[in-house]
Amino acid sequence: MRQDSNRSLTGKVALVAGATRGAGRGIAVELGAAGATVYVTGRSTRQQRSEYDRPETIEDTADLVTAAGGHGIAVPTDHLDPAQVKALVERIAEEQNRLDVLVNDIWGGENLFEWESPVWEHDLDNGLRLLRLAVETHAITSHHVLPLLLRNPGGLVVEMTDGTAEYNRDNYRLSFFYDLAKSSVLRMGFALGHELGPRGATAVTLTPGWLRSEMMLEHFGVGEENWRDALERIPHFAISETPRFVGRAVTALATDPDVARWNGQSFSSGGLAQVYGFTDLDGSRPDAWRYMVEVQDAGKPADASGYR
């Protein structure tokens, strides 16, 4: 489902910080499909890989944005380095003289947290590194980027996290460090709403559901074309979604003339699909966080009927 011409982002400029793979890539591509010029950043390039040591690159993401109908521009950026982020913003200002959408999707912590490991047993260096990657990067990026976004009224900031405010408030999220990181980003979206709202911009926090990212598919030994083969081993994977689904959520927000009504709030891709009517690539609307509460966490057998 492509965005229709009445909700086009042609002439708009977006920055997806952390767009190498996963949700960031899906968001960048969907913004491109709506006609936007999209700057995509990350540390994995065709010349050099990050510590993830994976094949996905920001150049590949930029090419996908352009192929979708937008204009993708890859800028290698380590968002822990304020000087690099400052240079990125200066480049966007020089080339575009505007920024309409900032998506803060920087993460990089999959290999650093230890599931169900209490803080006194968790590797401390890895935990602190995770917090730097997941929280400090977002603060550095907002500090340098927001003055450009505020040059024109109507700007949108989307803080990407894992879990809605309601779910994370009531549930322990895997480890002390992971829980703190994802809850901190939720609070960032709330705080930015207070600071941006009076200045004519909107900030929200957004979570995908169970994402069929490149890393997740590889972990389960399947591809996007045969992902259902994993259901025999992981039945609740039936509620999973592609990265493009959360991309369509961001595009729906970015093209909503009344988006300010959501300022400071927390959303999921599945929840916004019920509001805006977009679908995943297969035409479904997976509502993963409602499923988590009502089916998975309730101990019921896996059954996505009525949830997608």
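Read-outs: derived from the displayed coordinates by stated rules, not from any lab. Please read all numbers here as calculations on a predicted model, not as lab measurements. Note that we place each Cβ from the backbone using ideal geometry, even for glycine, and neighbour counts take in every protein chain shown.
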- Percent of Cα-Cα distances greater than 28 Å, calculated over the chain: 34
- Message: Of the candidates Gln96, Gln265, Gln47, which one comes out as most mobile in a Gaussian network treatment of the chain with C-alpha springs shorter than 10 Å?
- Response: Gln47
- With a Cα-only, solvent-free Debye model of the stretch 87-151, what are the log10 I(q)/I(0) values at q = 0.13, 0.22, 0.27 Å⁻¹? -0.49, -0.87, -1.11
- Return the single residue from Ile106, Ile239, Ile58 with maximal mean-square fluctuation; model: Gaussian network over the chain, springs between Cα atoms under 10 Å. Ile239
- Starting with the fewest neighbours, write out Tyr307, Tyr52 ranked by other beta-carbon atoms found within 10 Å of each beta-carbon. Tyr52, Tyr307
